[in-house]
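The values are calculated or read from the model by the stated rules, or taken from the named source; none is laboratory data. A quick note: this is a predicted structure, and the numbers were derived from the prediction, not measured. Cβ: placed from backbone, ideal geometry, glycine included. Neighbour counts: every protein chain shown.
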Amino acid sequence: MEKIKVIAAPGPVSYPIIAAKSDVFDIVFDKEGKGDIVLDSSVSLIRRGINFNVSLIRGLSIISPGIGRRIAVWRRGSANDVLLRAVLDLENIKADVLYAEDQREIMELLKSGKVDSAVVASPFGSGMKFEDIMIKHGIVMPGNCTAYVRDDLMDLFFSEYQRGVDNLRSDPEEVSKYVASKLPNSVDPKFIAGTIMRSDVSPVRVSDSSSFIETVKKYLN
């Protein structure tokens, strides 16, 4: 039987499907192209014109410790930058945004006091979830990471993805090392484990995300 191709961004969204060690899916790491199953951040899928129908990871990106006046975030135009600019406007807050090249630089800016808040991944701190901020304004955000899954593959994908989540949670240290060994880029296994343990990770069908999609589109340029 020919394997089903999964086009996946090589970030947290891909960790569970790697951990599933599936014999039915062929994972192709890419942030371009369309296919029967595509995994990426919700912002990136909107940018790519792909209509996601599954929520995978919620609460992955947070503003820690809260919305300040000088905020560090990863790279201008990144998914987190788009979300940050959206919530600043929704909350009617004027803030200086400082861009960093990686998570380490973001944490250094925060610890040094050069910024008073930062957008970080869940393993690195606690604070305000983008989903919680947006829902206050009537916008239902389906999560940081989502997927497009062809309807007839939905049950199979849900089963395999959840198996990967369960594998990571049952033995985070060893399974995270396995996931790290399969990624095309270097990632600390502790980050992989932290992402799964400190975020809400499971496949959930998405019904209507029109308010979120329209909001994000305003900040893509």
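A few points about this structure:
- Of all residues in region 183-203, those that are surrounded by 15 or more Cβ atoms within 10 Å (Cβ to Cβ) and either charged (D, E, K, R) or in contact with a strand residue (DSSP E or B) (Cβ under 7 Å, 6 or more places away or on another chain) (or both) total 6.
- Checked against (1) touching a residue at least 60 places away in the same chain (Cβ under 8 Å); (2) over 18 Å from S181 (Cα atoms); (3) surrounded by 15 or more Cβ atoms within 10 Å (Cβ to Cβ), S44 meets all criteria but (1).
- I139 vs. criteria surrounded by 19 or more Cβ atoms within 10 Å (Cβ to Cβ), among the hydrophobic types (A, V, I, L, M, F, W, C) and in a loop (DSSP other than H, G, I, E, B): yes
- A single entry from V120, V115, V82 fulfils the requirement of being surrounded by 17 or more Cβ atoms within 10 Å (Cβ to Cβ), part of a loop (DSSP other than H, G, I, E, B), of a type in the set (A, V, I, L, M) and not assigned by TED's automatic domain parsing to the domain that holds V165: V115.
- None of V97, V13, V28 is touching an Asp or Glu at 6+ places or on another chain (Cβ under 9 Å), part of a strand (DSSP E or B), hydrophobic (A, V, I, L, M, F, W, C) and modelled with pLDDT of 95 or more except V97.
- Any hit, region 163-186, residues being free of Cβ contacts under 8 Å to residues at least 24 places away in the same chain, assigned by TED's automatic domain parsing to the domain that holds I37 and under 17 Å from L56 (Cα atoms): yes
- Qualifying positions in region 174-196 - hydrophobic (A, V, I, L, M, F, W, C) and either at positive phi or touching a helix residue (DSSP H, G or I) at 6+ places or on another chain (Cβ under 6 Å) (or both): V175, V179, A180, V187, F191, I192, A193, I196
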